[in-house]
Every structure is written in structure tokens, then in C-alpha cells.
Amino acid sequence: MDKFFSIVRGFGLKRGPERWLGGVCGGLAAKLNVDAAFVRIAFLVFCLLPGPAVVFYIAAWLILPDQGNSIILEKFLARRSVS
């Protein structure tokens, strides 16, 4: 799993500091160099279409590192392996 998390960090995509929920839209906006409102509107439109938009958002929240380079899923798996 360490290789997977290294690959994710290598993308340079992080959850943004400008966050409402998990910071995924803010991080995408920062990476694309657009206003976060545009990304949020696009995500809301994406949610109205049939598809797994909410699942995508939750998966991105779990996998994308935050501003401190910490990945929620990695910390969760590390705690489970210690127990």
C-alpha cells in the first residue's frame, strides 16, 4: 500500500484549504487554477446526472492528501495494522 500512497502523492493533487466539506473541490480548483465555485457548481451538476458522484467524492476525500500531506485512508490502515 505504501507504493499506492506514494503514487497518489506524486500527482500533486491535494485537498484544498478552501473547504466546505472535505476540501476535494477546493483541491481540484487549486490544481486546475480556477475558482473553487466553478468546480463546486460542476460537481453539483455532476450529482444531478445519474452516476456515482457521491461515491467519487468520498473516495477522493479518503485518498487525496491534505495540505500537510496526510492521507486519511493511510492513517486508518496504519492504525488497523497496529491493533
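None of the figures in this text is laboratory data; all of them are computed from the coordinates on show. These numbers were taken from a predicted model, which means no experiment stands behind them. Please note: Cβ atoms are built from the backbone with ideal geometry, for glycine as well, and neighbour counts cover all protein chains shown.
Miscellaneous remarks
- Residue within the stretch 25-39 that is in contact (Cβ under 8 Å) with a residue 60 or more places away in the chain and in a helix (DSSP H, G or I) present: no
- Hits in the stretch 43-74 - residues which are in a helix (DSSP H, G or I) and under 18 Å from LEU13 (Cα atoms): PHE43, PHE56, TYR57, ILE58, ALA59, ALA60, TRP61, LEU62, ILE63, ILE72, LEU73, GLU74
- If you filter the stretch 39-69 down to residues that are more than 11 Å from the chain's Cα centre (by Cα) and of a type in the set (Gly, Ala, Ser), you find that the one that is farthest from LEU28 (Cα to Cα) is GLY51.
- Just so you know, in the stretch 3-56 the residues that are in contact with a Leu (Cβ under 7 Å, 6 or more places away or on another chain) and not aliphatic (A, V, I, L, M) include one that is surrounded by the fewest Cβ atoms within 10 Å (Cβ to Cβ), and it is LYS31.
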